[in-house]
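The values are calculated or read from the model by the stated rules, or taken from the named source; none is laboratory data. Note that the structure is a prediction, hence the values are computed from the model and not measured. FYI the Cβ positions are ideal-geometry reconstructions off the backbone, even for glycines, and counts take in every protein chain you see. For the accessible areas, the whole protein counts, side chains as well, though only heavy atoms, and no ligand, DNA or RNA atoms are used. Shrake-Rupley method; radii C 1.70, N 1.55, O 1.52, S 1.80 Å.
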Amino acid sequence: MSATTSLLQKMTAGELTRRVLNKEPLFILDVRNDSDAADWQIEGESIELINIPYFDLLEGVDAALEQLPEDKDVLVVCAKEGSSKFVAEQLLEAGRSRVYYLEGGMKAWSEHLEPVLIGKLQDGGSLYQFVRIGKGCLSYMVVSEGEAAVIDAARMTDVYSAFAAEQGAAIKYALDTHLHADHISGGRKLAEQTGGTYWLPPKDAEEVTFDYEQLEEGKVVNVGNIKIEIQPVYSPGHTIGSTSFIIDNRYLLTGDILFVESIGRPDLAGKAEDWVGDLYTTLHERYKSLPDELIVLPAHFGKITELGEDGAVSARLGDLYERNPGLQITAEADFRRMVTENLPQHPNSYQEIRQTNMGKIHPDEEQQREMESGPNRCAVHDK
């Protein structure tokens, strides 16, 4: 082992997440190609970033040295790890010391889940949000009296199982608010692994190839002996089956219908014109009739600025009606125009992801990683 290699330091996705949440200064050298770096980057309030493709550094790192600070930690990032390790070693050989590489690269960053306590429930138990900070996905776990339910699980199911075990709970239910198109759901897999029940809205499940419990309004899911209620609220618009949840009469899990800084897009099944009316009704009638004091907990976030001081993504429903751009246009015709004319690029591989979540195709683990690469792009205003 060379002296340089022995000095090489790695940073895990979890360590990077905590630096972002704690707003610790960090300078990132992204050595992916220009298009990949422009499409999807590591963001944070105290993060600085430059992109110099790996192939531009093969003959030497002088071009990078000129742009890298000497008084900050520097993290070299690539897609899978190998290129960043090579560049980090070259920087060390050039005399730099505060240099790290991201273990597992952007793929590890995309898959890290950070649990954040949202709150204790009124009759006992707790609600946790799992922040997938590199992808912008949010999932949830209700824990009470030795039982747990997971909502909108990512495909990294071991994280939920391990966390539930730490809480002394067994996972009894896995629920999806809708058929996801931006990421592969871990709900069915989690239910199979734990012997639990998988719930999915039936209007989103017409083409699925597996058995599931129908998630419909009026079917309350109870967690624990004290019966923490997960109350389904039919709220179509992002998909025809989209269903929100009210938990503990205090939290509104909105799936991909309402976000902190935007609203859900209705086009990922190719039916924007058909579903935009449902989206309008849900946002301006159904949700509007709910108590302003409910805390909105969405299934995604689009910008790092949406994370609060504790790392959680949440907002009071009444406040969103005052400041969320997607809720300010109340005339239906104007709303339809705003939504259908402002749709961003589709999520990567979204059709294949939908087919996977229906059970129609069965990609292996590496194929699933590739399908999920990039940002979630579930919101109208995400560019």
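Quick one: helix 82-93 against the long Cα principal axis of the chain, what's the angle to the nearest 10°, folded into 0 to 90? Tilt relative to the chain: about 40 degrees. The length gained on full extension between GLU166 and ASP292, counted as 0.36 nm times the residue separation minus their Cα-Cα distance, comes to 41.9 nm.
Report the gain in length on full extension from ARG98 to GLU370: 0.36 nm times residue separation, minus Cα-Cα distance, nm rounded to one decimal.
Numbers: separation 272, 0.36 × 272 = 97.92 nm, distance 3.10 nm.
Gain on extension, ARG98 to GLU370, equals 94.8 nm.
3J(HN,Hα) along region 211-220: 7, 7, 8, 6, 8, 9, 4, x, 8, 7 Hz, from the Karplus curve 6.51 cos²θ - 1.76 cosθ + 1.60 with θ = phi - 60°, whole Hz, x for Gly and Pro. I'd like the carbon and sulfur percentage of the solvent accessible area for the chain, probe radius 1.4 Å, heavy atoms only, ligands and nucleic acids excluded. Looking at the chain in its full context, I get 43 percent from C and S. Rolling a 1.4 Å probe over the protein chains gives ILE329 an accessible area of about 50 Å². Taking amide H as placed 1.01 Å from N in the peptide plane, the amide H of HIS300 sits under 5 Å from that of LEU138, each at least 5 places away or on another chain. Annotation: amide H-H contacts under 5 Å for LEU290 (H modelled 1.01 Å from N, sequence separation of 5 or more, or interchain): none.
Ranking LEU327, TRP199, ALA162 by Cα position along the charge dipole of region 113-380, where only Lys, Arg, Asp and Glu carry charges on their C-beta atoms, puts LEU327 farthest toward the positive end.
Taking the DSSP bridge list for the chain and keeping only pairs wholly inside it, about 55 percent are antiparallel. Take the Cα of ILE304, step 7 Å toward its Cβ, do the same at ASP319, and the gap between the two points is 2.1 nm. The solvent-accessible area of SER97, taken with every protein chain present and a 1.4 Å probe, is close to 80 Å².
Rolling a 1.4 Å probe over the protein heavy atoms leaves GLU89 with an accessible area of roughly 50 Å². A full extension of the chain between GLU273 and LYS120 corresponds to an added length of 51.0 nm, given 0.36 nm per residue minus the alpha carbon distance. Note on region 220-332: with charges restricted to the Cβ of Lys and Arg (+1) and Asp and Glu (-1), its dipole about the Cα centre is near 180 debye.
Each residue of region 142-156 was assigned a 3J(HN,Hα) from its phi angle through the Karplus curve 6.51 cos²θ - 1.76 cosθ + 1.60 (θ = phi - 60°); the sequence is 9, 10, 7, 6, x, 10, 9, 10, 10, 10, 6, 5, 6, 6, 7 Hz, with glycine and proline shown as x.
Residue order by solvent-accessible surface for ILE228, ILE361 is ILE361, ILE228, largest first, with ligands and nucleic acids left out and a 1.4 Å probe. A Förster radius of 56 Å, combined with the Cβ-Cβ distance separating GLN214 from LEU49, puts the computed FRET efficiency at roughly 0.80. What the phi angles of region 18-31 give under the Karplus curve with 6.51, -1.76 and 1.60, with θ = phi - 60°, is a coupling list of 5, 5, 5, 5, 8, 6, 7, x, 7, 10, 10, 9, 8, 9 Hz, glycine and proline written as x.
Can you give the charge dipole size of the chain about its Cα centre, rounded to the nearest 20 debye, using +1 on the beta carbon of Lys and Arg and -1 on the beta carbon of Asp and Glu?
On the way: 36 positive and 64 negative charges, 98 e Å.
My answer is approximately 480 debye.
As a rough guide to protection, the peptides 134-140, 288-294, 246-252, 75-81 ranked by mean Cβ packing within 10 Å, highest first, stand as 134-140, 75-81, 246-252, 288-294.
The amide H of LEU258, built 1.01 Å from its N in the peptide plane, has GLY264 as neighbours under 5 Å, considering only residues 5 or more places off or on other chains.
Report, in listed order, any pair from LYS85/LYS303; LYS10/LYS72; LYS227/LYS303; LYS23/LYS72 with a Cα-Cα distance greater than 25 Å. Show your work: numbers first, answer last.
Values: LYS85/LYS303 28 Å; LYS10/LYS72 15 Å; LYS227/LYS303 35 Å; LYS23/LYS72 13 Å.
Where the Cα-Cα span goes over 25 Å, the pairs concerned are LYS85/LYS303; LYS227/LYS303.
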